[in-house]
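K.L.:
The structure's right below; bear with me while I get my questions together.
Quick note: the coordinates plus some simple rules give every number you see, no bench work behind them. Please read these numbers as outputs of a predicted model, since none were measured by experiment. Positions of Cβ are generated from backbone atoms using ideal geometry, with glycine treated the same way; all protein chains shown enter the neighbour counts.
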């Protein structure tokens, strides 16, 4: 049996880093089934809905760590952090979910909410404006568009 050298270990780390930079996930590299991740997500959602925000945060953080390219995981983690009053951390999650789901206006809207709470109406206005643009005329986002428009008016007072 051949002993692993430091060079082998270093090359393995470099290979994993390269794969992750190309969009691979730890879950994918470990062969974790997507259905298993979805069951954990449903569990996290149930924890969130039940008010156990700390457990929901841990669950969504784990999911985002395992599969860092999933919009839903970052959005859920951001929303959980927002509800916990951790707005700076929530903003980082909304930035990540927004970068992944460019056409989904929820990240921008929720970032606007956190910016308002943090006392930054300039950034909040920009976030609400972005949410309005991404809502467009799509029927499924009209309720969110109305909320973003109302929030934008409040920021500009």
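K.L.:
Using a Förster distance of 22 Å, how high is the FRET efficiency between residue 157 and residue 103, based on the Cβ-Cβ distance and rounded to 0.05?
P.N.:
The pair residue 157/residue 103 has a calculated efficiency of 0.15.
K.L.:
On to the next question. Could you tell me the relative contact order of the range 103-157? Use alpha-carbon pairs under 8 Å, at least six residues apart, and round to a whole percent.
P.N.:
Contact order relative to length: 38 percent.
K.L.:
Let me ask something additional. With no solvent and one equal point scatterer placed on each C-alpha of the range 103-157, evaluate the Debye formula and give log10 I(q)/I(0) for q = 0.29 Å⁻¹, two decimals.
P.N.:
Summing over Cα pairs of the range 103-157 leads to -1.08.
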